[in-house]
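Written out below as structure tokens is the structure these notes cover.
The values are calculated or read from the model by the stated rules, or taken from the named source; none is laboratory data. Given the structure is predicted, the values throughout are model-derived calculations rather than measurements. Using ideal geometry, Cβ is built from the backbone for each residue, glycine included, and neighbour counts are taken over all protein chains shown. These accessible areas exclude ligands, DNA and RNA; they are computed on the full protein's heavy atoms, side chains included. Shrake-Rupley method; radii C 1.70, N 1.55, O 1.52, S 1.80 Å.
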Amino acid sequence: MKILADENMPYVEQLFGDLGTVETVNGRELTAQQVSDVDVLLVRSVTKVNPQLLDKANKLKFVGSATIGTDHIDMDYLASRDIAFSSAPGCNATAVGEFAFIAMLELAQRFNSPLKGKVVGIVGAGNTGTATAKCLQAYGVEVMLCDPLLEAAGDARDFVSLNTITSTCDVISLHVPITKIGEHKTWYLFDETRLNNLKPNTWLLNCCRGEVIDNRALIKIKQQRDDIKVVLDVWEGEPNPMEELVPYIEFCTPHIAGYSLEGKARGTFMLYQQLAKTLQISTNKDITSLLPTLWSQQVSLNQIPNEKALLQLVRFVYDLRDDDALFRNNFTKPHGFDHMRKNHTHRREFSALKVGNIGQTNVNWLSNLGFSGVEL
Ligand SMILES: NC(=O)C1=CN([C@@H]2O[C@H](COP(=O)(O)OP(=O)(O)OC[C@H]3O[C@@H](n4cnc5c(N)ncnc54)[C@H](O)[C@@H]3O)[C@@H](O)[C@H]2O)C=CC1
Ligand SMILES: O=C(O)C(=O)[C@H](O)COP(=O)(O)O
């Protein structure tokens with residue numbers, strides 16, 4: 001069996017090696033010729049899986065995407081060809097939640113304006129939105145959720161409208177899929193009018209898809225309003241972000257909010273399990289044995305961390321400023337955006353670090369945030 005996989009998919013050989021011959025390719029440049037003789041195709045978000053790519057792939061029986069988003073996949077076409085498909089819902093939700101939380105702590109430090117005490121609006125309360133809310137609530141920050149689809153489906157949580165979010169919240173974090181049609185379409189959900197209506201000093205974070213914000217309108221607004229602070233992990237027109245936009249953004253990253261080692265490994269592992277199910281073979285591998293330990297496994301605290309100390313703790317796991325600096329130096333270089341993604345040093349999730357307490361300090365909220373606990 002020939003298995004063709006995106007080169008940015010860790011652990012693919014370890015997991016799929018026993019099932020067939022694994023070859024890796026540049027997913028953005030994948031051609032119809034390269035997939036013409038494959039049985040299994042494993043992609044990431046940069047590969048458009050459509051008739052143009054697959055028309056010659058007559059042996060293909062399974063397509064897997066190690067991602068949460070599926071906007072790059074023509075599902076109807078796969079169904080019409082009777083090709084099994086699986087994505088990896090939720091695989092990197094923790095990574096995105098922690099990334100958004102870390103970015104908010106960084107903004108708080110930069111503008112000397114504590115996160116604690118602010119109200120954060122989450123737009124899209126699915127896996128990544130909920131993971132973001134979980135971090136914020138563990139730290140004691142008030143969260144408002146906006147998700148008209150979940151609300152209509154009877155989700156028991158409290159929801160508010162998008163207008164309430166923009167008029168009430170100090171921070172807004174976007175976590176919706178990209179959709180171009182329907183009552184709740186998200187393409188340019190934040191258009192010029194909505195951006196104009198943001199209340200003074202709003203912090204706006206986008207970790208979902210670039211086109212949820214009209215990036216040209218964002219440039220225009222930022223030229224007039226320096227009070228709004230923006231963090232972008234995703235960009236309209238990837239892999240070529242608008243060069244004029246970058247100087248207006250506080251923290252810039254190349255679509256790596258979901259790039260924790262755990263998140264990527266989970267994505268590959270979920271596809272391995274789904275392929276095994278499709279082929280009706282039993283699996284004998286587990287994900288934990290694949291993951292290395294963090295360079296430092298444990299830190300001890302002797303007092304309850306204040307916000308500054310919390311930022312130091314999270315920087316110990318992931319320092320967002322490093323990726324921001326790399327971005328600014330590299331995004332205009334040829335293939336710069338994809339090169340940064342390919343060579344990204346996968347950060348670890350909070351759970352990779354054990355946080356213990358010395359003395360009577362209660363750090364339960366840090367376990368709620370995701371850190372592993374340790375008895376000292
Ligand atoms: N930056 C990155 O590295 C990553 C980006 N993503 C992106 O984030 C998106 C969301 O991921 P998940 O939370 O896991 O998906 P999900 O499907 O679990 O949740 C998305 C939620 O958005 C809601 N929604 C849809 N339209 C809405 C609207 N107009 N207003 C408010 N809510 C709306 C849906 O009802 C759903 O509950 C993915 O589709 C993907 O495009 C996902 C993972 C990593
Ligand atoms: O899961 C998703 O959806 C994402 O946006 C991925 O984290 C993007 O990563 P790649 O698939 O482009 O490597």
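Filtering segment 162-186 to residues that are away from ligand 2 (no atom under 16 Å from the Cβ) and closer than 25 Å to Pro89 by Cα leaves Leu162, Ile172, Lys180, Ile181, Gly182, Glu183, His184, Lys185. Residues of segment 226-265 that are within 10 Å of ligand 2 (Cβ to nearest atom) and small (Gly, Ala, Ser): Ala257, Gly258, Ser260, Gly263. Can you confirm whether segment 4-22 contains a residue that is within 16 Å of ligand 2 (Cβ to nearest atom), open to solvent by 40 Å² or more (accessible area, probe 1.4 Å) and outside any loop (DSSP other than H, G, I, E, B)? There is no residue in segment 4-22 that is within 16 Å of ligand 2 (Cβ to nearest atom), open to solvent by 40 Å² or more (accessible area, probe 1.4 Å) and outside any loop (DSSP other than H, G, I, E, B).
Scanning segment 142-159 for residues that are open to solvent by less than 20 Å² (accessible area, probe 1.4 Å) and among the β-branched types (Val, Ile, Thr) turns up nothing. If you filter segment 231-280 down to residues that are among the aromatic types (Phe, Trp, Tyr) and in a loop (DSSP other than H, G, I, E, B), you find that the one that is farthest from His346 (Cα to Cα) is Trp235.
Determine whether Thr193 is among the polar types (S, T, N, Q) and touching a helix residue (DSSP H, G or I) at 6+ places or on another chain (Cβ under 6 Å). I'd like the intermediate steps shown before the answer.
On the way: among the polar types (S, T, N, Q): yes; touching a helix residue (DSSP H, G or I) at 6+ places or on another chain (Cβ under 6 Å): no.
Considered against the rule, which asks whether it is among the polar types (S, T, N, Q) and touching a helix residue (DSSP H, G or I) at 6+ places or on another chain (Cβ under 6 Å), Thr193 comes out as no.
Within segment 80-105, being within 16 Å of ligand 2 (Cβ to nearest atom) and either outside any helix (DSSP H, G or I) or farther than 26 Å from Ile172 by Cβ (or both) holds for Phe85, Ser86, Ser87, Ala88, Pro89, Gly90, Cys91, Asn92. Name the residues in segment 203-227 that are within 16 Å of ligand 1 (Cβ to nearest atom) and open to solvent by less than 30 Å² (accessible area, probe 1.4 Å), would you? Residues satisfying the conditions are Leu204, Leu205, Asn206, Cys207, Cys208, Gly210, Val212, Ile213, Asp214, Asn215. Which count do you get for residues in segment 109-157 that are away from ligand 2 (no atom under 16 Å from the Cβ), part of a helix (DSSP H, G or I) and within 27 Å of Arg321 (Cα to Cα)? Summing the residues that are away from ligand 2 (no atom under 16 Å from the Cβ), part of a helix (DSSP H, G or I) and within 27 Å of Arg321 (Cα to Cα) in segment 109-157 gives 9.
Within segment 35-76, count every residue that is touching a strand residue (DSSP E or B) at 6+ places or on another chain (Cβ under 6 Å) and under 16 Å from Asn8 (Cβ atoms). Summing the residues that are touching a strand residue (DSSP E or B) at 6+ places or on another chain (Cβ under 6 Å) and under 16 Å from Asn8 (Cβ atoms) in segment 35-76 gives 7.
Given the conditions (1) within 16 Å of ligand 2 (Cβ to nearest atom); (2) open to solvent by 10 Å² or more (accessible area, probe 1.4 Å); (3) closer than 16 Å to Asn163 by Cα, which single one is not true for Pro200? That leaves (1) as the condition not met.
Would you pick out the residues in segment 109-156 that are within 24 Å of Asn92 (Cβ to Cβ), more than 16 Å from ligand 1 (Cβ to nearest atom) and not hydroxyl-bearing (Ser, Thr, Tyr)? The answer is Leu115, Gln137, Ala138, Val141.
When Met242 is tested against (1) within 28 Å of Ile178 (Cα to Cα); (2) in contact (Cβ under 8 Å) with a residue 40 or more places away in the chain, only condition (2) is not met.
Only one residue in Val230, Val171 is among the hydrophobic types (A, V, I, L, M, F, W, C), open to solvent by less than 10 Å² (accessible area, probe 1.4 Å), in contact (Cβ under 8 Å) with a residue 40 or more places away in the chain and under 19 Å from Arg110 (Cβ atoms), so which one is that?
Details: Val230 fails: in contact (Cβ under 8 Å) with a residue 40 or more places away in the chain.
Of Val230, Val171, the one residue that is among the hydrophobic types (A, V, I, L, M, F, W, C), open to solvent by less than 10 Å² (accessible area, probe 1.4 Å), in contact (Cβ under 8 Å) with a residue 40 or more places away in the chain and under 19 Å from Arg110 (Cβ atoms) is Val171.
Just name the residue that is nearest to ligand 1 (Cβ to nearest atom) out of those in segment 44-79 that are open to solvent by 90 Å² or more (accessible area, probe 1.4 Å) and in a helix (DSSP H, G or I). Here the answer is Asp76.
Answer yes or no as to whether Asp37 is open to solvent by 10 Å² or more (accessible area, probe 1.4 Å) and over 30 Å from Ala325 (Cβ atoms). So that I can check it myself, show each step before the final result.
On the way: open to solvent by 10 Å² or more (accessible area, probe 1.4 Å): yes; over 30 Å from Ala325 (Cβ atoms): yes.
The answer is yes for Asp37.
Taken over segment 259-286, residues that are away from ligand 1 (no atom under 16 Å from the Cβ), under 22 Å from Ala93 (Cα atoms) and open to solvent by 40 Å² or more (accessible area, probe 1.4 Å) amount to 3.
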